[in-house]
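The values are calculated or read from the model by the stated rules, or taken from the named source; none is laboratory data. Just so you know, these numbers come straight off a predicted model, no measurement behind them. FYI the Cβ positions are ideal-geometry reconstructions off the backbone, even for glycines, and counts take in every protein chain you see.
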Amino acid sequence: MLNKPGSSTTIPEARTLIRKLRDTISMYEPVLKFATLTLDWGPRQRGQGRRSGHMVKGSMSDAPRGKKTYTTVSLEDYINQNINNPDDFKYLDQPQRYAYVQARQFGCNHIEAMRFALIK
């Protein structure tokens with residue numbers, strides 16, 4: 001019944017199809033577009049914690065500060081196609097973005113590609 005990628009219309013159908021095609025999709029080599037993402041982590045901290053004698057008490061974490069630029073897989077083409085809910089891509093990390101693009105270029109629709117990206 002569901003043998004072709006892009007044929008499912010519901011999440012249970014996508015789950016069944018991706019279960020069958022998971023290994024085949026994983027071997028597919030996608031053509032990737034990259035984008036740069038700049039995040040402002042805020043100003044540098046001036047304090048270094050509290051000192052009591054020679055001991056430092058308090059936080060001396062090495063959290064990122066200032067503006068950082070990251071390279072990521074671009075999902076711009078797919079965000080424009082998925083105008084019903086553009087927030088679907090908001091919490092995908094880098095490997096999940098790669099898996100989503102891999103499944104879409106293989107021929108899967110949005111539901112199947114999201115399923116593949118989230119179980120990968």
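Name the residues in segment 5-18 that are loosely packed, with under 11 Cβ neighbours inside 10 Å and of a type outside the set (S, T, Y), would you?
P12
What are the residues in segment 66-110 that are in contact with a Pro (Cβ under 7 Å, 6 or more places away or on another chain) and over 22 Å from K20 (Cβ atoms), if any?
Quick first cut of segment 66-110, residues in contact with a Pro (Cβ under 7 Å, 6 or more places away or on another chain) only: 79, 101-102, 105-108.
Selection gives I79 alone.
Can you tell me which residues in segment 35-94 are modelled with pLDDT under 85 and among the charged types (D, E, K, R)?
R44, R46, R50, R51, K57, D62, R65, E76, D77, D87, D88, K90, listed by residue number.
Got a number for residues in segment 68-110 being free of Cβ contacts under 8 Å to residues at least 12 places away in the same chain and over 9 Å from the mean Cα position of the chain (by Cα)?
Initially, segment 68-110 is screened for residues free of Cβ contacts under 8 Å to residues at least 12 places away in the same chain, giving 79-80, 83-87, 90-91, 93.
Narrowing the set further to residues that are over 9 Å from the mean Cα position of the chain (by Cα) leaves 79-80, 83-87.
Counting residues in segment 68-110 that are free of Cβ contacts under 8 Å to residues at least 12 places away in the same chain and over 9 Å from the mean Cα position of the chain (by Cα) gives 7.
Working only within segment 1-42, note down all residues that are in contact with a Gly (Cβ under 7 Å, 6 or more places away or on another chain) and without any contact (Cβ under 8 Å) to a residue 40 or more places away in the chain.
Looking only at segment 1-42, we keep the residues that are in contact with a Gly (Cβ under 7 Å, 6 or more places away or on another chain), and these are 5-6, 41.
Passing the criteria: only W41.
Can you tell me how many residues in segment 97-120 are surrounded by 18 or more Cβ atoms within 10 Å (Cβ to Cβ) and farther than 15 Å from P12 by Cα?
Count: 9.
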